[in-house]
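The values are calculated or read from the model by the stated rules, or taken from the named source; none is laboratory data. Bear in mind the structure is a predicted one, so any value in this text is a computation, not a measurement. Every residue, glycine as well, gets a Cβ built from its backbone with ideal geometry; the counts of neighbours run over all protein chains shown. For the accessible areas, the whole protein counts, side chains as well, though only heavy atoms, and no ligand, DNA or RNA atoms are used. Shrake-Rupley method; radii C 1.70, N 1.55, O 1.52, S 1.80 Å.
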Amino acid sequence: MSELSVRHLLGIKYLNLQDIELIFKTADHFKEVLGRSIKKVPSLRDITIANIFFENSTRTRLSFELAEKRLSADVVNFSAAQSSVRKGETLIDTVNNILSMKVDMVVMRHPNPGAGIFLSRHVDAAIVNAGDGAHEHPTQALLDSYSIREKLGGVAGKKVVIVGDILHSRVALSNIFALQMQGASVRVCGPKTLIPKYVESLGVTVEPDLRKALEWCDVANMLRVQNERMDMSYFPSTREYARQFGLTKPLLDSLDKEIVVMHPGPINRGVEITSDVADSSHSIILNQVENGVAIRMAVIYLLASKIKK
Ligand code: CP
């Protein structure tokens, strides 16, 4: 298969295994390009992409912009905080105004779940979901699986525990879909209040004890507590959370095996993960960030090839 089954990347649940394998194969090629002294290819000289961010971002935004520039696309950046959204302009009006400037693709981060899906039904451009509320963050899950594949030689058969604030996490949901599609087993671990009741219906096991979860897994993906999405207290205190669900060096060293440690960022050092773990040889956190550029180049390249000019 040489093309994606979708015209937009709205979530992992809209992809199939062949799509993921094609994205990884394409990313392998772009990773090789990124290792060259000239890290740029002329593939998308005829494509214009708008990055529109209604929520804060460091990694995703920079990674998309870099990926687009490495592919020689024309890039415009839009930040809601400095825009006419502040004057009451709607999402569809905003995007249609951007599209009337002959933009082919929109990369969007938005606080509302389903914002990308909504947009894809109303505008004539390829839409890439760069995170929509607590729904999905598909390129994060793709770069996470790609990093596991790179570190452990594959994803099928691997045991992955996702630890922390599952309830508010788009990274957790996209990872669950992506990992299971590739044949990995997934457990979640965290305070009962931060584990959604429906999670077991996704084929995921809940393990409330962090030590047991770590003893079981090959990979631990440590998630941030998303205070910005919380309207109440979900656990007694940050200190208590860190004591029960934080990954520390003594805990890691007490396991009778090596595990791979991941984190999507931004890290709250000393809460979900201590600095000596985040910066240890177990951690592939910066490899995840590096792989994000190749994965986003692959996604953009493959979606652009489906745009009818
Ligand atoms: N992982 C992630 O989405 O980070 P940013 O919020 O900085 O983009």
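Is one or more of the residues making up the range 174-181 open to solvent by 20 Å² or more (accessible area, probe 1.4 Å), out of contact with any Phe, Trp or Tyr (no Cβ under 8 Å at 6 or more places or on another chain), away from the ligand (no atom under 16 Å from the Cβ) and among the hydrophobic types (A, V, I, L, M, F, W, C)?
Scanning the range 174-181 turns up at least one residue that is open to solvent by 20 Å² or more (accessible area, probe 1.4 Å), out of contact with any Phe, Trp or Tyr (no Cβ under 8 Å at 6 or more places or on another chain), away from the ligand (no atom under 16 Å from the Cβ) and among the hydrophobic types (A, V, I, L, M, F, W, C).
Taking into account only those residues within the range 35-64 that are away from the ligand (no atom under 16 Å from the Cβ) and buried (at least 18 other Cβ atoms within 10 Å of the Cβ), which is farthest from Ala80 (Cα to Cα)?
Taking the range 35-64 as the starting set, the residues that turn out to be away from the ligand (no atom under 16 Å from the Cβ) are 35-50.
Filter once more, so that each one left must be buried (at least 18 other Cβ atoms within 10 Å of the Cβ): 43-44, 47-50.
Working: Ser43: 29, Leu44: 26, Ile47: 23, Thr48: 19, Ile49: 16, Ala50: 13 Å.
By that ranking, first place goes to Ser43.
Between residues in the range 260-275 that are on the phi > 0 side of the Ramachandran plot and in the same structural domain as Arg211 (by TED's automatic domain parsing) and residues that are part of a loop (DSSP other than H, G, I, E, B) and more than 15 Å from the ligand (Cβ to nearest atom), which pairs lie under 9 Å by C-beta distance while being six or more apart or on different chains?
Once the first residue is on the phi > 0 side of the Ramachandran plot and in the same structural domain as Arg211 (by TED's automatic domain parsing) and sits in the range 260-275, its partners that are part of a loop (DSSP other than H, G, I, E, B) and more than 15 Å from the ligand (Cβ to nearest atom) give Gly270/Gly246.
Which of (1) open to solvent by 20 Å² or more (accessible area, probe 1.4 Å); (2) within 26 Å of Thr139 (Cα to Cα); (3) touching a residue at least 12 places away in the same chain (Cβ under 8 Å); (4) polar (S, T, N, Q) does Asn227 not meet, given it meets every other one?
Tallying (1) open to solvent by 20 Å² or more (accessible area, probe 1.4 Å); (2) within 26 Å of Thr139 (Cα to Cα); (3) touching a residue at least 12 places away in the same chain (Cβ under 8 Å); (4) polar (S, T, N, Q), Asn227 fails exactly one: (3).
Among the candidates Arg109, Arg86, which residue alone is of a type in the set (Lys, Arg) and open to solvent by less than 60 Å² (accessible area, probe 1.4 Å)?
Numbers: Arg86 fails: open to solvent by less than 60 Å² (accessible area, probe 1.4 Å).
Exactly one residue qualifies, and that residue is Arg109.
Go through the range 118-132 and count every residue that is open to solvent by 10 Å² or more (accessible area, probe 1.4 Å) and in contact (Cβ under 8 Å) with a residue 40 or more places away in the chain.
So the count comes out to 1.
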